[in-house]
1. Can you list residue pairs whose Cβ atoms sit under 7 Å apart, with the first residue in segment 266-284 being at negative phi and the second being in a helix (DSSP H, G or I) and modelled with pLDDT under 95? Count only pairs 6 or more apart in sequence or on different chains.
2. Being closer than 26 Å to residue 377 by Cα, out of contact with any strand residue (DSSP E or B) (no Cβ under 9 Å at 6 or more places or on another chain) and in contact (Cβ under 8 Å) with a residue 12 or more places away in the chain is the filter here, so list the residues in segment 392-409 that pass it.
3. Filter segment 352-378 down to the residues that are in a helix (DSSP H, G or I) and closer than 17 Å to residue 291 by Cα and list them by number.
4. Across segment 120-133, what is the total count of residues that are free of Cβ contacts under 8 Å to residues at least 40 places away in the same chain and under 24 Å from residue 210 (Cβ atoms)?
5. Going by the conditions given, is residue 271 modelled with pLDDT of 95 or more, exposed (fewer than 15 other Cβ atoms within 10 Å of the Cβ) and under 20 Å from residue 335 (Cα atoms)?
6. Can you confirm whether residue 288 is under 17 Å from the mean Cα position of the chain (by Cα), within 30 Å of residue 25 (Cβ to Cβ) and in contact (Cβ under 8 Å) with a residue 24 or more places away in the chain?
7. Within segment 391-425, how many residues turn out to be in a loop (DSSP other than H, G, I, E, B), within 23 Å of the chain's Cα centre (by Cα) and closer than 24 Å to residue 231 by Cβ?
């Protein structure tokens, strides 16, 4: 029997009202709002699972519940590509979480999440998957996801709202190699498109009435039944769209050598984002406190494109989207997720309208947290950076984890403008004991 998201979520959040962590008369929503206004509160705000980049692998999540002494539940996997768990209210309460996610109707790979059905996770544990999730297991053990190849009136790389029996007629869009615990994108619908005339044949997806109705209902429920800050995950990843639609190699050749062609694509995609952004904010603007945009612009050691190219080709679109939020919804904070060595672009982000920055990848080149806080801490809030997820959290000792958490809070928290979270998602290889140590230490060190 399927389980509806409405039933599951309402039950969970009713429990939250009984068990949530409170402090000094300030609730979570107030704490986060004040934090993002660069004011010290009773304690540092904390996030686990309020964005698609501050989440936790379903494999680790089930172990974390056991460590916390909580009743066993079927883990809800809302993001099938990354295999991320929905963080339940009792876990948030134990760990001091202050923020909840308002997800999109189709959080990843174009897969709508209307109902959940029982299944088995990557580790064989009992989970609940979206009822549109039907991986095909190949002889070598790889799992693949397919979409049908019919004549949609818009180009969407990963629309997976299709019956299981249709999969053999479709195109493989994502693969999880045997032994891995997440999917990788494999399909780029514009990879063979080389001219503006060919591009003109395509339209981009438009937010539909079903989604705006879902968003309004869910945002209202979260606002009225929790005291958590609500982070609305919008997306708007204009730079990344080229990677998704063409693939990395072709896109970077286009952006470097085919400027008119690339700008035509970016302008049209930005127009579609703006159309949807207005619909999105009409639906949820009265309820959310944060809107989450994404655009990865860094690698471990450098930017993906030069600052000059960013300012010419990408920043105008960022400024258009973020500026719209700032002008028309001044009480909603603009949170940008951008991975990697992005130090040189932070002034541009701030000028474009970014008010909070995630994931604060402290091991990337130039991303020293003390330098970030000193140079930008009065202009942008930092959301993340609490413990490194490339080395320390996944392979360090508990002592190393707790020492890093203490040090990052010491550096980033003074004066407000800091939301504690790990650097990016907690992957399946991370010991649950390290996760618990990180968040327990954050709570212990959180008081100003």
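The values are calculated or read from the model by the stated rules, or taken from the named source; none is laboratory data. This is a predicted model, so every value here is computed, not measured. Quick reminder, even Gly has a Cβ in these numbers, built from the backbone with ideal geometry, and neighbours come from all protein chains shown.
1. 269/241
2. 392, 401, 402, 404, 406
3. Residues of segment 352-378 that are in a helix (DSSP H, G or I), as a first pass: 352, 369-376.
Hit for segment 352-378 is 352, nothing else.
4. Matching residues across segment 120-133 total 1.
5. Details: modelled with pLDDT of 95 or more: yes; exposed (fewer than 15 other Cβ atoms within 10 Å of the Cβ): yes; under 20 Å from residue 335 (Cα atoms): no.
So residue 271 does not fit the description; no.
6. Values: under 17 Å from the mean Cα position of the chain (by Cα): yes; within 30 Å of residue 25 (Cβ to Cβ): yes; in contact (Cβ under 8 Å) with a residue 24 or more places away in the chain: yes.
Answer is yes for this residue.
7. Just the residues of segment 391-425 that are in a loop (DSSP other than H, G, I, E, B), to begin with: 391, 396-397, 413-417, 421-425.
Filter once more, keeping what is within 23 Å of the chain's Cα centre (by Cα): 391, 413, 416-417, 421-425.
Right, trim to closer than 24 Å to residue 231 by Cβ and you get 413, 416-417, 421-425.
Number of matching residues: 8.
Condition check ((1) within 18 Å of residue 50 (Cβ to Cβ); (2) touching a helix residue (DSSP H, G or I) at 6+ places or on another chain (Cβ under 8 Å); (3) surrounded by fewer than 24 Cβ atoms within 10 Å (Cβ to Cβ)) across all residues:
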site	(1), (2), (3)
358	yes, no, no
369	no, yes, yes
385	yes, yes, no
402	no, yes, yes
